[in-house]
Structures are given as structure tokens and as C-alpha cells.
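Engineer: Got a structure for you, written out below as C-alpha cells; questions coming shortly.
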Amino acid sequence: MWTLLHPIRSLLWSVALLLLGNGLINTLLTLRGTDEGFSSTVVGLIMSAYFIGFTCGTWVSGRLIRRVGHIRAFAFCAALCASGALLHIIFVDPWVWVVLRFFYGLAFVTLMTVVESWLNGQAASHQRGRIFAVYMLVNLGAIAAAQQILRLDTPGGFLLFAVTAILISWALLPITLTRRQQPAVPETATSSLKALIGFAPLAVAASVLSGLAMGAFWGMAPLYARQLGWSAGDVGMLMSVTILGGALLQLPIGRFSDKHDRAQVMTWVVVAAAALAALMPFAPNQTALLGLFFLWGGASFAIYPLAVAQLIDQLRPEEVVSASTDMLVTQGRAARWRRSLPAR
């Protein structure tokens, strides 16, 4: 495992710090906006602005990476995100926040494109499933840990916004100090979503399904638990157990996909996630439901990395950056669409 992770350890450290900051600011803005008296509609608009910027980043990220390279593009966008976090506390106004979240999403999709395209470029086909599994483990672990940073101060203070900016700034340190050669970038894009659908429909469909599932989980799972009469602490336990399942089952699923037909593995993982979701209404008690959510998290959080790995297996090196962007935006659009639907 050390041999597998050694070449990408700088990337993983940067991802961990970046997602600690991102996970913190996402929750923090909702809490601070509520405390400031923003309506639920306005808070939803602020959060949606991030996804709109994320989607629009499709036309920016690939061009920026091709122009200045992976490391400089990462540094440029991390600086935008860190300064944006501080601007939220300087200008506490909902419409200013909408603009800030749009540009934050625009920059953040570029950061994730840098990371995922770099990982894809470094990984051999027989290692790609395990590498992306570790990447998702770091991703989920950082998001879960970020929620505990909220204990440092109240949302109404300055400290948590400053911590967000510090964490995002620190994400620059490992990746800019690495001595590893950054991937070569082609002069022009050689991939498009339309082309991807043509020769890798399963990977694109799985990415969409992943976005729909994740959008439903983050937006609807807490509401579902509250309607069952669970306390706030129980709701937090549900979310934590699901994320834990996603983190712990990433590596075995990724390792299995490296040794077997990845498309078949991904198909069965999707079927398993759907079956587990169908069983949830029939859970006899809270413990059984938590167990189902744990297994569902393991399956559903594995869908996107399996889809990306299956797609990259079929691409030439010069197509990786554009394809990584397309897959990120496909999942992001699906998640945004699902979260915009009214609860029933």
C-alpha cells in the first residue's frame, strides 16, 4: 500500500486540507445565514449559487490548467477560495454571498479537476480502483472531520471563517512542495461529454446516478430521520454512520474492481445500493436502519470513483483533464437537480 500511495501522498494531503476547509464553510454558511435571519429560500439560493459556479467551471478549469499547468492552477484557485471565505464575514449580505458562492464554485471545480486528473494520470489501470478508493476515503474523512471544527466557536464569530481560509491556504503547501512531475497537459481539449456518452455510456450514467443519490442523501436523509421522530443527535449519528460506511468500504471495493471487470463490478454496486435503499422502509428498528445506511453508504459512495476509473481506462492520456472535468460537472449537475426538488 505504501508503494501505491507514495507517489500521490502530496496530493492526498492537499485534498484532506482542502476538503476540511470546504466541508466547514458549507455548513458554516448555512448556520450563519440562519442566525442572520436569512429565509430558507435565500439560504437555498446561496447554496445553489455554488453549484451554478461549479457547473460553469466546465468552461474554465480545463483552459486554465492547459494554460498554466496543474500546480499553478491549483494555487490560483485555492487563493480565490481562501479569500472568498474571508469575504463572507466582511460582507454579511445575502446577495454578496450569492456572488461569492458562485465564484467559489467556479474555482473549486478547477481544484477538484486538478486533483482528479493528476490522480488519473499517475495511476496504472490495475491500480486505479484502489487509488480512487483511497482518494474517496480521504475525501469523506475530511468532510466528516470538518463538522467537528464547528465546536471551536459559534457561527456568529470570525474564528471559523478564518480557520476555513487557513485550511484552504495550507492545502497549497503539499502540492506546491512536491518534487513529482506534474502531468503533461495537451494544448487543446480532446474530450467532450457528448463523446463520452457515445463510447462510455455506463460510466456517464453511473456518474449521474451517483449525483442523484448524493443529492438526495445530503438533502433528504436528515429530513427522513426527523420524520421518524429521531432526535438531532440521532440524525447526526445517521449521517456519520453513512459516511463511515462510505469510507471503510471504498478500499475493498476499489481493490476488487482492479482485479475484475470494472464495468460489471460497478453494475453490481449500483444494484446493491438500490436494493439496500428499497429495504430501508422495512427496517424493524433504528439499529437495523443504521446498519442499512452503513452498507448503502459503502455502495453508493463507491459509484462515482468506479465510474471515473472505468472511463479513464478507455481514454488516452491527453483526454484525461477534459474527461475529469466532464465527470465532475455531470455528477454536480445531477446532485444540484435532485436537491432542488421539493420534499414529499
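The values are calculated or read from the model by the stated rules, or taken from the named source; none is laboratory data. Keep in mind that what you see is a predicted model, and the values were worked out from it rather than measured. Every residue, glycine among them, receives a Cβ derived from its backbone with ideal geometry; neighbour counts consider all protein chains shown. Remember, those area values only see protein heavy atoms, side chains included, never the ligands or the DNA or RNA. Shrake-Rupley method; radii C 1.70, N 1.55, O 1.52, S 1.80 Å.
Engineer: Could you sort 58, 164, 41 by accessible area so the largest value comes first, with the probe set to 1.4 Å?
Structural biologist: From most exposed to least exposed: 41, 58, 164.
Engineer: Quick one: how many Å² of residue 170 are accessible to a 1.4 Å probe, rounded to 10?
Structural biologist: Approximately 130 Å² for this residue.
Engineer: Right, another one. Find the Rg to Rh ratio for the stretch 16-79, where Rh is the Kirkwood radius over alpha-carbon pairs and Rg uses the same atoms. Intermediate results must be reported in sequence, preceding the final value.
Structural biologist: Details: Rg = 14.8 Å, Rh = 13.6 Å.
Result for the stretch 16-79 is an Rg/Rh of 1.09.
Engineer: Any idea what the relative contact order of the stretch 50-152 is, in percent, if you count C-alpha pairs under 8 Å spaced at least 6 apart?
Structural biologist: Working: 78 pairs, mean separation 39.2, N = 103.
Relative contact order comes out at 38 percent.
Engineer: Based on the Cβ-Cβ distance from residue 95 to residue 268, what FRET efficiency comes out when R0 is 56 Å, to the nearest 0.05?
Structural biologist: Details: r = 47 Å, r/R0 = 0.84.
Working from the Cβ atoms, E equals 0.75.
Engineer: Given points 7 Å out from each Cα along the Cα-Cβ axis, report the residue 286 to residue 86 separation in nanometres with one decimal.
Structural biologist: It works out to 4.4 nm between the two label points.
Engineer: Grab the beta carbon distance between residue 79 and residue 205, set R0 = 30 Å, and tell me the FRET efficiency rounded to 0.05.
Structural biologist: Numbers: r = 36 Å, r/R0 = 1.20.
So the FRET efficiency works out to roughly 0.25.
Engineer: Here's another thing I want to ask about it. What is the calculated FRET efficiency for residue 40 to residue 248, with r their C-beta to C-beta distance and R₀ = 22 Å, to the nearest 0.05? Don't skip to the end; give the middle numbers.
Structural biologist: Details: r = 34 Å, r/R0 = 1.54.
The pair residue 40/residue 248 has a calculated efficiency of 0.05.
Engineer: What figure, in Å² to the nearest 10, do you get for the accessible area of residue 153 with a 1.4 Å probe and non-protein molecules left out?
Structural biologist: 50 Å²
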